[in-house]
Amino acid sequence: MSMYAVIESGGKQYRVEKGTSLLVDRLGAKEGEKVSLRPVMFRDEEVVVGAKELEKVKVEATVTEHLRGEKIKVFKYKPKKGYRRRAGHRSELTKLEVTEVKLLTRKPAAAKKEEPAEEKKPAAEKKPAAAKKPAAKKEAAKKPAAKAKKPAAKKAAAKKPAAKKPAAKAKAKKAKPAAKKDD
């Protein structure tokens, strides 16, 4: 029994082993770059399918080349209607060479993003942020007043059905003057 993985790329799934080459929808990586592929299933002695276990699976591939697929012709036709449409396309593809398929003993560490030295702020600029904390306490004092306003909003909602009754009375008043004109 050989070790293999099922990976997902471009909404499609592919079965890969070490050394496999495959064509997938165009990836943004340049030729020669290593690409990490998302595993959906891994099989060695056991089958690994769970999300937490799949985080330990490592599938890497190298971008061999970017190419275009065969030309596909599309012809739409409806008989006796004079409807004919001709179209077609060539898929943008990437050829990958799978270099590594293995199950790690633990989950790999997440890559840390480092800020450039120019964007880091000096310690002197961080002190004004501490001055803003008392302002936050004043906002907390306003919160009980906001809670008092919420029941008032519910009362307004209760008045809405009552607003329909005067409209009905207005229609009744319009009907009465019409009766007076007939007399």
Report task. Any chance you could count how many residues in region 7-20 are under 28 Å from HIS89 (Cα atoms) and open to solvent by less than 80 Å² (accessible area, probe 1.4 Å)? Result -> 8
Report summary line: Over region 21-51, the set of residues assigned to a loop (DSSP other than H, G, I, E, B), of a type outside the set (D, E, K, R) and open to solvent by 40 Å² or more (accessible area, probe 1.4 Å) is LEU27, GLY28, GLY32, VAL49
Report summary line: Output for Cβ contacts, cut-off 6 Å, separation at least six or different chains, first residue touching a residue at least 60 places away in the same chain (Cβ under 8 Å) and farther than 27 Å from GLU31 by Cβ in region 41-65, second open to solvent by less than 40 Å² (accessible area, probe 1.4 Å) and not polar (S, T, N, Q), reads PHE42/ALA5; PHE42/VAL48; PHE42/VAL57
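The values are calculated or read from the model by the stated rules, or taken from the named source; none is laboratory data. Computed from a prediction, not measured in an experiment: that's the story for all the values here. Glycine also receives a Cβ, built like all others from the backbone with ideal geometry; neighbour counts cover every protein chain displayed. Calculation scope for accessible area: heavy atoms of the full protein, side chains included, ligands and nucleic acids excluded. Shrake-Rupley method; radii C 1.70, N 1.55, O 1.52, S 1.80 Å.
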